[in-house]
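Structure first, commentary second.
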Amino acid sequence: MNLPGITLDSVTLEYPCGTRALDSVNLHIAGGSAFGIVGPNGAGKSTLLNQICGYSLPTRGQVRIGDLPIERRTLDKIRALIGVVFQHADDQLFQTRVVDDVGFGLHNRGIPHAQAETVSREMLQRFGLTPIAEKSPFNLSSGQKRFAALCGVLVLNPQVLLLDEPTSDLDPRNRRQFLDTFRSLSMTRLVISHDLDFVWDSCENVAILDAGKVVAQGPTREILQNEILLRKHHLELPLRLQVR
Amino acid sequence: MSGMEKRGNWLQDLDPRTLLVVWGTHCLILASISRQDLSKTILMGAFPVFVFASLGLRLGTFLRRLRLLAPFVLMMVLANSWLDRGAIQVFGVLQIPSGLLTGSVLACKAGISLLALYVLERILSLDQICAGLRGLGVPNALTNQLLFLHRYSLVVAAEAESMRRARDLRSVGNRGRGLVATARLLGTLFLRSHDRSRRVHRSMLARGFSGYLPLPPTDRLKTRDFAWGGALVLILLVARLCP
């Protein structure tokens, strides 16, 4: 299967007040690869994610998923291709039962209710979440919420997966499980994270975003070992590389 | 069968549409009773009381909800007594202020309506109620609004709880809990819940949401639904029409 990549071509986003949130961002993420975006707080990482999802359109430049440019008229097609796991799982889970939430996207694609429920339950089973299928998402632990949110996206079988700070609320065991799951996926994956160890373990390539600009990009092992570069942009070496 | 359905009682085995028709009939009949007919109003209370008892519900939970409504009902009764100052004869000999009687009927109607709503909510989930309403031909726009309102109330409650906790942790005695502080808190609560709702909406869009909230489809009505629904509606009508 030919998986679509993500291309950002001189993407600039300027707010009406004149603040430039993204400044001529050029990136290419190859289809089927895993790519990480790291950077300090306020660098524009989540804004960049919003551009790729089509929640806001750039002032200048273009974002493409495969050959499809992100424009108002293509948004429905784009959203059928991508899956997004947001930073706060609470923002994603809104149905009264976990299984309904996982099946929400399937219903929207016109899958019959019974079939959607079966597929949703299978997905929950894959992550060992069957015991919480009937529960309200409001009463889950952070880790369960994170995995339930991931199930709700993976059940749609997206060709591009976008993850915003996926490990921010996971304990070590859940983080490990999340990492294993992430590695087992074959679609194009983009991770925005402060967890440099996660990026190190999961992404082939990485870009550093600072003040709305891509200041470095390349192979993860190369970029994340450059302590001077990382320090310059308020980042630190991954914990595993830090000399004790 | 969808797992979200509540089961365990004969009423809970009926189709949501049947229950909605019965409850709607009860509501209309209650509203149609004259504001001076206390005995018939009380008679109409027998229906939700019967359902309440057959479901084995806890009185305490209902009374806590009634307590929330009580100030409004009390205000209504007092205003009614003040506005309606005529006299009325009861049992042929006793003269009482007309406002007292009509006020009592209003209070009874409010209590009975709340009880009926409470037992219906115990039988059906909101999703089932909305699925039933859709099955009865209520437009999607309306059922979507109900479902969104429910979700939004959960979002607001979660935000309000976290804000209350943050305020309490930094309040000393009654400081920081006054009217001004609370008013500011409400303003912030609106902004926060609006922001959160926007993020929830974005995540829904990401999963193909196009303005229609999916609900489980309703099954075909069974003979049992027609029989029980017809019998209950008939009993309610007879109770209303008998002198």
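Legend: helices of chain B (whole DSSP H runs) are marked when their alpha-carbon atoms reach 15 angstrom or more along the helix axis and their mean Kyte-Doolittle hydropathy is at least 1.0; marked are B:16-32, B:38-55, B:59-83, B:98-123, B:223-241.
For the range B:117-216, the Stokes-Einstein estimate of translational diffusion at 20 °C and a viscosity of 1.002 mPa s comes to 133 µm²/s, using the Kirkwood hydrodynamic radius over alpha-carbon pairs. Between the helical axis of A:113-126 and the dominant principal axis of chain A, each derived from Cα atoms, what acute angle in degrees is found, rounded to the nearest 10? Roughly 60 degrees between the two axes. Net charge dipole, the protein assembly as shown: roughly 1120 debye, given to the nearest 20, about the Cα centre with Cβ charges of +1 for Lys and Arg and -1 for Asp and Glu. Distance from the alpha carbon centroid of the range A:206-236 to that of the range B:81-112 works out to 79 angstrom. The rule of thumb for compact globular proteins, 2.2 N^0.38 Å, goes into the C-alpha radius of gyration of the range B:10-74 1.28 times.
An oblate overall shape is assigned to the range A:59-185, the ratio a/c of its alpha-carbon gyration tensor axes (a ≥ b ≥ c) being 1.5 or greater and a/b not exceeding b/c. Distance between the 7 Å Cα→Cβ label points at B:A181 and B:V138: 4.1 nm. Along each principal axis, taking the top coordinate minus the bottom one, the Cα set of the range A:177-244 gives 33, 33, 17 Å in descending order. Taking the Cα centre of the range B:140-206 as reference, the dipole from Cβ charges on Lys and Arg (+1) and Asp and Glu (-1) amounts to some 240 debye.
Post the alpha-carbon centroid distance, the range A:48-93 to the range A:129-174, in whole angstrom. Computed from Cα coordinates, the inter-centre distance equals 20 Å. Where in the range B:92-135 is the amide nitrogen less than 17 Å from a point lying 7 Å along the Cα-to-Cβ axis of B:R35? So the set is B:97-113. Label separation (A:K77 vs B:Y212): 2.3 nm, computed from points 7 Å beyond Cα along the C-beta direction. Bridgeable lysines around B:K109 (alpha carbons under 20 Å apart, same-chain partners fewer than 8 residues away excluded): B:K40. Ranking of B:S39, A:S168, A:S141 by neighbouring Cβ atoms within 10 Å, starting from the fewest: B:S39, A:S141, A:S168. Charge dipole of the range A:51-129 (Cα centre as origin; +1 on each Lys and Arg Cβ, -1 on each Asp and Glu Cβ, all else neutral): 320 debye, rounded to the nearest 20. To the nearest µm²/s, what D does Stokes-Einstein give for the range A:87-157 at 4 °C and 1.567 mPa s, using the Kirkwood radius over alpha carbon pairs as Rh? Using the Kirkwood radius from Cα pairs, D works out to 112 µm²/s.
For A:K145, the lysines whose Cα falls under 25 Å of its own Cα, not counting residues fewer than eight places away in the same chain, are A:K45, A:K135, B:K6. Residues B:E159, A:E122 in ascending order of nearby Cβ atoms (within 10 Å, fewest first): A:E122, B:E159.
What is the percent of Cα-Cα separations in the protein assembly as shown that go past 44 Å? Here the tail beyond 44 Å accounts for 32 percent of pairs. Neighbouring Cβ atoms from other chains, within 10 Å of the Cβ of residues in A:106-113, number 4 on average.
The mean number of partner chain beta-carbon atoms within 10 angstrom of a residue's beta-carbon across peptide A:87-99 is 5. Using a simple spin-label model with pseudo-atoms 7 Å out from Cα toward Cβ, A:S184 and A:V243 lie 4.0 nm apart.
Which number do you get for Rg(Cα) / (2.2 N^0.38 Å) in the range A:1-72?
Relative to the 2.2 N^0.38 Å estimate, the range A:1-72 comes out at 1.10.
From least to most packed, judged by other beta carbons within 10 angstrom and beginning with the fewest, A:E165, B:E161, A:E227 follow the order B:E161, A:E227, A:E165.
Counting Cβ atoms of other protein chains within 10 Å of each Cβ in B:214-221 and taking the mean gives 3. Classified by the C-alpha gyration tensor, chain A has an oblate form. Its axis ratio a/c, with a ≥ b ≥ c, is 1.5 or above, and a/b does not exceed b/c. Just so you know, the Rg over Rh for chain B is 1.05, from Cα atoms, with Rh as the Kirkwood radius.
Just so you know, all these numbers are worked out from the coordinates, no wet-lab data involved. Since we're looking at a predicted model, the values are computed, not measured. So basically every Cβ, Gly included, is an ideal-geometry build from the backbone, and we count neighbours across all protein chains shown.
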